[in-house]
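Reviewing the structure listed below.
The values are calculated or read from the model by the stated rules, or taken from the named source; none is laboratory data. Just so it is clear, the model here is predicted, and its values are computed rather than measured. When the accessible area is computed, the model is the full protein with side chains, heavy atoms only, and any ligands, DNA or RNA have been set aside. Shrake-Rupley method; radii C 1.70, N 1.55, O 1.52, S 1.80 Å.
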Amino acid sequence: MEGALAEQLAKLLEQNATLLRENRLLQQKVQFLLKRLFGRSSEKLDRRQLELLLGELDRKSTRLNSSHRT
């Protein structure tokens, strides 16, 4: 019983660390996009750049979700 609880705790701690890393990455991406969108620079964010960033985010999210279901 204790071994199973310790294993479950370890798994949950690992999952929590993964989610924290993903959260930090998402926050960085949002800040980057906000600076590009509302920053002082007149340079506009290219639609293809945004699609690339969002596509990468979708792939990471899919991988993370599939690893949590196992």
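For the stretch 18-28, indicate whether the set of residues that are acidic (D, E), open to solvent by 60 Å² or more (accessible area, probe 1.4 Å) and at pLDDT 80 or above is non-empty. No, every residue in the stretch 18-28 fails to be acidic (D, E), open to solvent by 60 Å² or more (accessible area, probe 1.4 Å) and at pLDDT 80 or above.
Examine the stretch 42-53 for a residue that is open to solvent by less than 90 Å² (accessible area, probe 1.4 Å), modelled with pLDDT of 80 or more, charged (D, E, K, R) and part of a helix (DSSP H, G or I), and state whether such a residue exists. Scanning the stretch 42-53, I find no residue that is open to solvent by less than 90 Å² (accessible area, probe 1.4 Å), modelled with pLDDT of 80 or more, charged (D, E, K, R) and part of a helix (DSSP H, G or I), so the answer is no.
Selection within the stretch 29-41: residues that are in a helix (DSSP H, G or I) and among the charged types (D, E, K, R). The member of this set that is most open to solvent (accessible area, probe 1.4 Å) is K35.
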